[in-house]
Amino acid sequence: GGAKLEEETAFNLRVLGFEVLEGFGMTEAAPMITFTRPGEVLIGSAGRPMSSNEVKVVDGEIVARGRNIMKGYYNRPQETAEVLQDGWLHTGDLGYLDDQQNIFITGRKKEIIVLSNGKNINPLEIEEKLLHACALIAEAGVYQKDDRLQVVIFPNFAKVREAGVVNIEEYFRNRVIDPYNRNAAPYKKLTGIHLLQEELPKTRLGKIKRFVLHTLKEERNLQRQESTAPDYEEYSLIRDFLMQQTRRNVYASDHLELDLGFDSLDRVSFQTFLSSTFGIEVNEQTFSLHPTVELLAAYVREKKQRVTLSVVEWSEIIREQVEMTIPRSWLLHNGVKNLSRRLLQLYFRLNARGQEMLPDGPCIIAPNHQSVLDGLFVASFLNNRINRNTYFFAKEKHINKGWLRFLARRHNIIVVDIDRDLKQAIQKISAILKSGKNIIIFPEGTRSRDGTVGPFKKTFAILSRELGVPIVPVAIKGAYAALPSGRHLPKLLHPVEVEFMPPFYPHHEGYEEICETVRQQVVNAVAPA
């Protein structure tokens, strides 16, 4: 009673040989409105109307009338008028009847979100789509804030660890929210995401308390500030390092990813700090089992070999030797590149300018990222000499077949496991640059969600500064409109332009300053004239 029978539970009971008859009703209907007849179980349905009453759906709401319907609430005429209209009981439940009059309940009317433009949205439908789309989501709650739809997600942390996900929020944005938004009506798009460390608040019947979802972020911030800081040296050293690295206040209960926004690069420098300061090696499993500052500090306190405060120097990380064989270009490498340019120019209205900006020595080519073809768009305009000396880096999960690895080795593609070992990936990139070669890095790390230039990750800035290698900003325009994320066939003859800009030579600038300077050059070039 009080809640719908979960379809998975009903299916499992059927497999075990149990026939479960499910009904739908309310006290005001004494209490049954529909019920399942023996031998007619339809999983997901609460049966057909009782012989004592009629049932229909009005504007998505289930209404009923008959001799089992109440006369009204005792001495409450206003409340009675709200639910009894022309003899029909308005149940407040949403649903539909199929051709055989089987009823299906889809939600509660009071949970419907009404936007300022009059659009009605059933949040349960969106939540179910998200849950079915990703097994890494334990719970999802959709709510309205500032006339926009947002979602809070409680991840299934066990499955997150199994999947090897490092940046949880980025994963959900790129793998769940973006694909959902591409297929959703404009008024149903999700504009904000907030991740929780604990389950969503619920009623005693297990239903989400939707009316409090918009306050959870503020409540979480208050809880963080009120958390009691441990009084021992290891915690203080870790907190101070994290405050310097993240440039924000750090509290004992902070989750490294959900509260502090840790990405792969932050994790590398943090691992290096823990190793040099406390003499312990911390891996991904350690972070997963000790996800908050306080839990990690307690682990370090127990396992430490020493306490010697150290400063993390990226120059030392880059100087570390890494074993790798730099692949040599295939004889047909330039021929494939030249053929690709001709094919791309036939399909698109593709052109480029500024190729003369490329320096003679090693450099980092840093384009914005609008489509899956961006690498080809840039590489196809490099002259043969530069092309032979220019390398791409690909994630191991994308080059997972033998023939792909074969082609990668012969076309200047270095395969790395960036998600699991960014430190080694950075060392491999530095080895390429030290050998006098060029690399192409997409500083955004992923394709643009809307065609605009996203935040730049500072990996390329660290390499440039520590190795004294110039950065060539590259602006790609038109590629997002020609082939946005989710589209399989590019638009024929759509204009695409690649602009190579003057190289940026690092001097005494900080990583963030280098990163923002290069990004701003690209932003200015991509912006409409």
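Roughly how many whole Å is it from the C-alpha centroid of segment 170-207 to that of segment 443-476? Between the Cα centre of segment 170-207 and that of segment 443-476, the gap is 29 Å. At a probe radius of 1.4 angstrom, the accessible area of the chain per residue rounds to 53 square angstrom. Across the chain, C-alpha contacts under 8 Å between residues 6 or more apart give a mean separation that, scaled by the residue count, equals a relative contact order of 9 percent. Taking a ≥ b ≥ c as the square roots of the Cα gyration tensor eigenvalues, with a/c under 1.5 meaning rounded and otherwise prolate when a/b beats b/c, else oblate, which class fits segment 1-158? Cα axes put segment 1-158 in the oblate bin. Cross-link pairs exceeding 29 Å between alpha carbons, from the set Lys189/Lys423; Lys71/Lys109; Lys56/Lys110; Lys71/Lys202: Lys189/Lys423; Lys71/Lys202.
Distance between the 7 Å Cα→Cβ label points at Ser276 and Phe211: 5.4 nm.
Extension gain, Asp147-Lys4: 0.36 nm per intervening residue step, less the Cα-Cα distance, totals 48.5 nm.
Can you give the FRET efficiency to the nearest 0.05 for Gln520 and Glu82, using r as the Cβ-Cβ distance and R₀ = 51 Å? Efficiency, rounded to the nearest 0.05: 0.35. Each of Tyr232, Pro186, Leu130 was placed along the dipole of the chain (beta-carbon charges, centred on the mean Cα), and the one lying farthest toward the positive end is Pro186. Candidates Ile426, Asn283, Leu149 compared by Cα position along the dipole of the chain: farthest toward the positive end lies Ile426, with charges placed on Cβ.
Computed from the C-beta positions of Glu512 and Glu316 and an R0 of 22 Å, the FRET efficiency is 0.65 to the nearest 0.05. Using the average count of surrounding beta-carbon atoms within 10 Å as a protection proxy, the listed peptides 78-84, 442-448 rank, highest first, as 442-448, 78-84. Here the extension length gained between Asp99 and Val15 equals 27.6 nm, from 0.36 nm per residue of separation less the Cα-Cα distance.
Normalised by the number of residues in segment 426-529, the mean separation of alpha-carbon contacts (under 8 Å, six or more apart) gives a relative contact order of 29 percent. Rounded to the nearest percent, how much of the accessible area of segment 151-190 (1.4 Å probe, protein heavy atoms only) is carbon and sulfur? Answer for segment 151-190: carbon and sulfur cover 45 percent of the accessible area.
Could you tell me which of rounded, prolate or oblate describes segment 93-148, using a ≥ b ≥ c as the square roots of the eigenvalues of the alpha-carbon gyration tensor, with rounded for a/c under 1.5 and, failing that, prolate when a/b is larger than b/c and oblate otherwise? Taking the square roots of the gyration eigenvalues as a ≥ b ≥ c, segment 93-148 is oblate.
Net charge of the neighbourhood of Ile208, taken over other residues with C-beta under 13 Å away and scored Lys/Arg +1, Asp/Glu -1, is +2.
Projecting the Cα atoms of Gln78, Thr91, Asn412 onto the charge dipole of the chain (Cβ charges, centred on the Cα centre) puts Asn412 farthest toward the positive pole. Distance between the modelled labels on Thr191 and Arg173, one decimal in nanometres: 1.6 nm (7 Å Cα→Cβ projection).
FRET efficiency for the Arg306 to Thr246 pair, using the beta carbon distance and R₀ = 35 Å, is estimated at 0.90. For Ser485, neighbours were defined as the other residues whose beta-carbon sits under 11 Å from its Cβ, and their charges (Lys and Arg +1, Asp and Glu -1) total +2.
Placing +1 on the Cβ of every Lys and Arg and -1 on the Cβ of every Asp and Glu, with nothing else charged, gives segment 314-385 a dipole about its Cα centre of roughly 500 debye.
Annotation: aspartates and glutamates with alpha-carbon distance below 19 angstrom to Lys337 (same-chain offsets under eight excluded): Glu356, Asp374, Glu497, Glu499.
The structure-derived value of Cα extents along the principal axes in Å appears in the list [x] 70, 58, 57; [y] 90, 66, 49; [z] 78, 46, 44 under the label [y]. Label reach from Phe157 (point 7 Å along Cα→C-beta): in segment 234-277, amide nitrogens under 13 Å belong to 253-259. Between Asn120 and Ala298, the contour length at 0.36 nm per residue exceeds the alpha carbon distance by 59.2 nm.
The values are calculated or read from the model by the stated rules, or taken from the named source; none is laboratory data. Since we're looking at a predicted model, the values are computed, not measured. Cβ sites come from the backbone with ideal geometry, for glycine too, and all protein chains shown count toward neighbours. Keep in mind that these areas ignore ligands, DNA and RNA; they rest on the heavy atoms of the full protein, side chains included. Shrake-Rupley method; radii C 1.70, N 1.55, O 1.52, S 1.80 Å.
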